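Heads up, the thing below is written out as structure tokens.
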Amino acid sequence: MMQFLYMLLIAILLLISTVTRAQTDTIRPGKGGLVTRTLRPGVRQYLLVYLDPEHNVRQLRFWYWVREIASGQRNGQSVFFITQRWYGSDTGVYREVYSVNDARDFSPVYHRELVHGKLNAYDWGKEGIRGADTVPDNARKGFSLAFTEPNLNWNLDIETFEMLPLAEGRSFLINFYDAGLDPPQYQRYTVKGSEKVTLQDGVQMDCWILSTEGKSPTGTEYTETYWISKKEHAFLKEEDHFNGMIRYKLLMPISTPDIRAGLQ
């Protein structure tokens, strides 16, 4: 009888362990889940490389991203100010993005982007988003969309991933929205394991491997994989596969000069 009870206890513990490892968390404002204290102010620079191995093995395309995170106050509310600058091969592809998010749960407050010379600006709340009326030359001034539940800014996926409580076997359903486009949708991200990433100075960094897959609005299948350091919660690199293409996002080392200094 005692042996039976012992075996039953072991089985229950194994079941609990399996359920814990397979835990799926819903991530959206008001639901919790993000550890906002891990989002560190400062400047990050990323090199983006595009490869088309099926059609052109001698050509690479590049973007260079500068993302700056600052904390402060807006209308008496503690917020994050996040600025992105995307540099390409000519000024026509330059993109600048400015976002404001509540420091408590990272819920979007305001979002503005300059794309191909056109300005899109939005006031963003938990119940809906609308074009900002007070922004001059705002191409989205008349836009409005009501939400059924709060969501997170898909333009800030890198910063969102750095705040996830990553652990072995965990999955996350994140309610993301890309401002001005189709309604918000939940996207599943799963921790596939861990791996040591060798940095430019030879130091190895222990990372969680986070992954997602799906289809674009045009039906193109894609997979995206991210490496996020366990200790610093730093987004180190990304590898994407879509439509025969491969894309890498690589965090530049701290010693890299701020590219903006040479553009002033």
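Bear in mind that the values in this text are calculations on the coordinates, not laboratory data. Source: prediction; values computed, not measured. Neighbour counts are summed over all protein chains in view; Cβ atoms, including those assigned to glycine, are modelled from backbone coordinates with ideal geometry.
Values computed for the structure shown
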read-out	value
Surrounding net charge for I259, when Lys and Arg each add one and Asp and Glu each subtract one, Cβ distance under 15 Å	+2
Residue of G193, G32, G142 that the Gaussian network model of the chain assigns the largest fluctuation, springs spanning Cα pairs under 10 Å	G142
Selected from T91, T190, T218 as most flexible by GNM, with the chain as the system and alpha-carbon contacts under 10 Å	T218
Within straight-line cross-link reach of K31, lysines at Cα separation under 23 Å, skipping those fewer than 8 residues along the same chain	K126
Among V100, V35, V191: highest mean-square fluctuation, GNM of the chain, C-alpha pairs under 10 Å	V35
Point-to-point label distance, I246-L51, nm (Cα→Cβ direction, 7 Å offset)	0.2
Among (i) 7, 33, 38, 19, 3, 0; (ii) 6, 24, 35, 22, 8, 3, 1, 0; (iii) 7, 28, 35, 20, 8, 2, 0, the entry that matches P(r) over Cα pairs in 10 Å bins from 0, in percent as calculated here	(ii)
For the stretch 143-264: relative contact order, % (alpha-carbon pairs under 8 angstrom, 6 or more apart)	16
Crossing angle, helix 2-21 versus the chain [Cα axis fit, 0-90 degrees, rounded to tens]	10
K192 long-range amide H proximity, modeled H, under 5 Å	I209, L210, S211
Over the stretch 22-263, relative contact order from alpha-carbon pairs under 8 Å, at least 6 apart, %	17
Alpha carbon centroid spacing (whole Å) that separates the stretch 221-264 from the stretch 111-169	21
The chain - mean residue ellipticity at 222 nm from DSSP helices (-39,500 (n - 2.57) per run, n ≥ 4, rounded to 500)	-3000 deg cm²/dmol
Derived scalar couplings ³J(HN,Hα) [the stretch 102-114; Karplus, 6.51 cos²θ - 1.76 cosθ + 1.60; whole Hz; x for Gly, Pro]	4, 6, 6, 9, 6, 5, x, 10, 8, 8, 9, 9, 10
Longest exposed-site-free window of the chain, the sites being GluC sites (Glu not before Pro) in a DSSP loop that have at most 15 other C-beta atoms within 10 Å	55-126
Amide H contacts of A179 (H built 1.01 Å from N, under 5 Å, at least 5 apart or other chain)	W154, N155
